[in-house]
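Reviewing the structure listed below.
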């Protein structure tokens, strides 16, 4: 672990735990499943935190629910607008429905149908953005800003937001409880990273005995490059990749600020490797993971020596994948 | 509920709970997941108890582990033999490995590869039975008897066994705890039924305020016919059906004895309907179910009026399915 220079700026354990207690009756406690195959591979213990079984099929519901819960009354009336490649969209929609807060969403035109439908099912208004330039994220973001202005709504960023990071930290607090109940602690936690809210939240919870890893895919390792450079840096993108939730080119500012202080390390996998992780999760654990949700497992499969003899938790962060895509992956 | 004539013969709550406490640190607490789609369908609340996420991918591990744990020391040394179409086989193998008890298994030659591999992975000796007459179950059963005799091993029946039923009852006790924690009770529980250990165990736990249902597939409704006739009766079989864990032609004697006393009701679904339930579980909940494991959900989809305005739990009893099969179902 590197030194922690500006601890006072970071939300403390009390604040994180208060947030967890605020939302825990509205989020699902997701199971922590041991993988025998991966445990044998590293001659240690590998546990999968199955956030694919969270409400709306991804951890994103947690941060969205916490964020909406803490809006002012007048903000709740005006509603919120956001852009998202999918899982935040569904999480925000479901949270909005539960709390009776209007949600307007901008989504990329090529977002998986299952994710678009998921959002609409929860009563959100979905606007598809046709533009890919300078990147699909940035085009959709600009469109969302305009819509928020038009409606006097609060514009939410799917990850670059302190309150959302605090909400996502509930994954790690719940995990800590589960580990403690079975008398365990963990040496490593691997988090799939798009913009970095899950990894930032997790790194706030776990202390220096646990190494938190930011797992990204080749071409989209904005967080990894930023960690190396010690400042916000941009990945190149432009690689075809079905990890649709991990395509952010650079980390959130708030997120990077946290992970630079907490000593997170970066690791990158080939997106094809997430397919191996999907097959393993299906065959051994009956767990549906989407390509983005399986990269933490892929990182272990790809680098077993890094984790030898250790207790390792991989977060299976989401499971929303179109049936044709999933079928082709498990049959390969 | 019908009257309960011979209550004294049934294991009481204390015994059931003692068994649950004996095994609970070795079994997984499986999540209870609300289905919004099914809840809307019945205008009530439908919860899925996801035993597909149990160790070895099905509830069968519970009964097997409890049964082996309570063998005498000399029995543990000699080992056990059993026949099973698959999920009991894997559960017994894993339990044997954990408790260091030799396991010899007879399986039908056409059991899904995933189930055969599952058993072998846990160190069991697997013997495939090529014979289908008078039924694949009965041919395999005769072979298992012979092997047990040859090795001086305890012959286990996969379901017609009081101790195994008591072990399976832990699903219902765990469910009761989960419901109580969220201040809920349930009006109906639906259990997939092969020989009837899960439904018998569940019916011992829940009182007269909860209707327990035995869900079978057309052609293999031995339990349903037996409940109607008030005595053990035999289904016709001979229908092509991919619910490979539900093909027993008649219920276990111990199992039927219990369910006749506890007022279980029977319900039958077309095996094709389980495919609809599999698709729903995949799309809405990221849950892999096998055809046999999805019939309780199929029964709700098929008979929504029966459950209108109620709180209903469907047990998703297993999720071990070959990838090609699963791919073809979710793409249909």
*Determine the shielding of peptide A:275-287 by partner chains: average, over its residues, the number of Cβ atoms on other chains within 10 angstrom of each Cβ.*
4
*Go ahead and set up a Gaussian network model of chain A, Cα springs under 10 Å, then flag whichever of A:113, A:60, A:49 fluctuates most.*
A:113
_Among B:132, B:17, B:255: highest mean-square fluctuation, GNM of chain B, C-alpha pairs under 10 Å_ = B:132
*Over the stretch B:60-156, what is the mean sequence separation of C-alpha contacts under 8 Å (at least six apart), divided by residue count, expressed as relative contact order in percent?*
33 percent
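What's the long-distance tail for the protein assembly as shown, i.e. % of Cα pairs beyond 49 Å?
Working: 32051 of 220116 pairs.
Counting every Cα pair in the protein assembly as shown, those more than 49 Å apart make up 15 percent.
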*Roughly how tilted is helix A:60-69, in degrees to the nearest 10 and between 0 and 90, from the longest Cα axis of chain A?*
50 degrees
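How high is the relative contact order of chain A, in percent, with contacts defined as C-alpha pairs under 8 Å that are six or more residues apart?
Working: 739 pairs, mean separation 73.8, N = 332.
Dividing the mean separation by the residue count of chain A yields 22 percent.
Is it possible to state the helix-based mean residue ellipticity at 222 nm for chain A, with each DSSP H run of 4+ residues giving -39500 (n - 2.57), the sum divided by total residues, to the nearest 500 deg cm²/dmol? What is it?
Values: 14 runs with 149 residues, N = 332.
About -13500 deg cm²/dmol.
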*Mean separation of Cα pairs under 8 Å and 6+ residues apart, divided by the residue count of the stretch B:132-202: what relative contact order is that in percent?*
32 percent
_Using the basic label-point model (7 angstrom from Cα toward the beta carbon), what is the residue A:182 to residue A:332 distance in nanometres?_
2.9 nm
*Hey, with R₀ at 41 Å, roughly what FRET efficiency would residue B:100 and residue A:325 work out to, going by the Cβ-Cβ distance, to 0.05?*
0.45
*By how many degrees, between 0 and 90 and to the nearest 10, does the Cα long axis of helix A:253-262 differ from the longest principal axis of chain A?*
20 degrees
_Quick check: the angle from helix B:271-285's long axis to the longest principal axis of chain B, C-alpha only, nearest 10 degrees?_
70 degrees
*Just A:14, A:98, A:190 to compare: in a GNM of chain A, with alpha carbon springs under 10 Å, which one fluctuates most?*
A:14
_Under 16 Å from a point placed 7 Å out from the Cα of residue A:133 along the Cα-to-Cβ direction: which residues of the stretch A:224-246 have their backbone N that close?_
A:238
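If you restrict to DSSP beta bridges whose two residues both lie in the protein assembly as shown, what percentage is antiparallel, to the nearest 5?
Numbers: 11 of 73 bridges.
Counting DSSP beta bridges with both partners in the protein assembly as shown, the antiparallel share is about 15 percent.
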*Using a basic spin-label model with each label point 7 Å from the Cα along Cα→Cβ, how many nm lie between residue B:34 and residue A:109?*
3.7 nm
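Using a Förster distance of 60 Å, how high is the FRET efficiency between residue A:309 and residue B:228, based on the Cβ-Cβ distance and rounded to 0.05?
On the way: r = 58 Å, r/R0 = 0.97.
Taking R0 as 60 Å, the efficiency between residue A:309 and residue B:228 is 0.55.
Return the FRET efficiency for the residue pair residue B:239, residue A:9: r is the Cβ-Cβ distance, R0 is 56 Å, and the value is rounded to the nearest 0.05.
Numbers: r = 67 Å, r/R0 = 1.20.
After rounding, the FRET efficiency stands at 0.25.
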*So what is the diffusion coefficient of the stretch A:60-156 in µm² per second by Stokes-Einstein at 10 °C and 1.306 mPa s, using a Kirkwood Rh over Cα pairs?*
123 µm²/s
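Any read-out appearing in this document is the output of simple, stated calculations on the displayed coordinates, not a laboratory observation. These numbers come from a predicted model, not from an experiment. Heads up, the Cβs are rebuilt from the backbone with ideal geometry, glycines too, and the neighbour counts pull from every protein chain shown.
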